[in-house]
Amino acid sequence: MPVLIEGVSVLLRKGSIHERYKGGYAQFLFDLNDYVSFTASNQLLCVAYKTHDEARALLKMLADKGMRVALINEEDPARTDAVLVDQVFGPSVRVWWIDLIPVSRSRKIKAEVKVESKEELKESSQEHILIAATYEETDEKEELRIKNWDQGEIAYPLDWQYENSKSLDLEFLRMAENRSYLNH
């Protein structure tokens with residue numbers, strides 16, 4: 001199951017946490033603290049932050065606890081357990097185990113229709129999000145490259161709503177509009 005990527009996130013292979021993190025998965029959850037928002041699927045775990053500095057602090061802590069982190073203690077992208085991913089610019093290092101997929105789908109909102117005072121669902125603006133899936137997941141569902149993922153097939157943080165998401169944050173919208181495709 002893919003995970004939602006929003007803002008600045010640290011993406012980890014869940015199996016690597018069990019294998020290499022000092023103290024295992026339970027210690028990892030304890031070390032995250034309560035204030036961190038994360039989303040987990042069967043194979044991936046995504047920890048969302050507001051700034052790059054906060055995300056880099058987590059990457060440093062992961063390296064200190066035995067994980068192989070891109071650009072900190074592991075130079076080979078094939079052996080990396082964790083990577084920083086920006087919603088606009090993508091991963092800090094290309095790694096073989098994730099595929100970032102932009103998803104666009106129509107949102108439906110309630111709108112009053114004057115015919116007999118009924119409420120109907122009408123097509124609204126597009127919903128644009130970024131998800132991360134393992135290559136195994138995308139191989140299993142190759143047709144999803146053509147057709148979008150269903151909302152029930154993506155792991156979201158608790159109480160997540162598109163209307164309140166980073167995807168609509170002005171800072172990220174501006175970065176996306178002004179992104180240079182030559183350098184990223």
Inset, instruction - Note down the nm distance, to one decimal, between modelled labels 7 Å out along Cα→Cβ at Trp160 and at His52. - result: 2.3
Inset, instruction - Multiply the residue gap between Gln151 and Arg20 by 0.36 nm, knock off their C-alpha separation, and tell me the result in nm, one decimal place. - result: 44.0 nm
Legend entry - Spin-label model distance (nm) - Asp31 vs Trp96, 7 Å beyond Cα toward Cβ: 2.5
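A short reminder: the numbers here are calculations on the coordinates, not readings from a lab. Since we're looking at a predicted model, the values are computed, not measured. With ideal geometry, Cβ positions are generated from the backbone for all residues, glycine too; neighbour counts draw on all protein chains shown.
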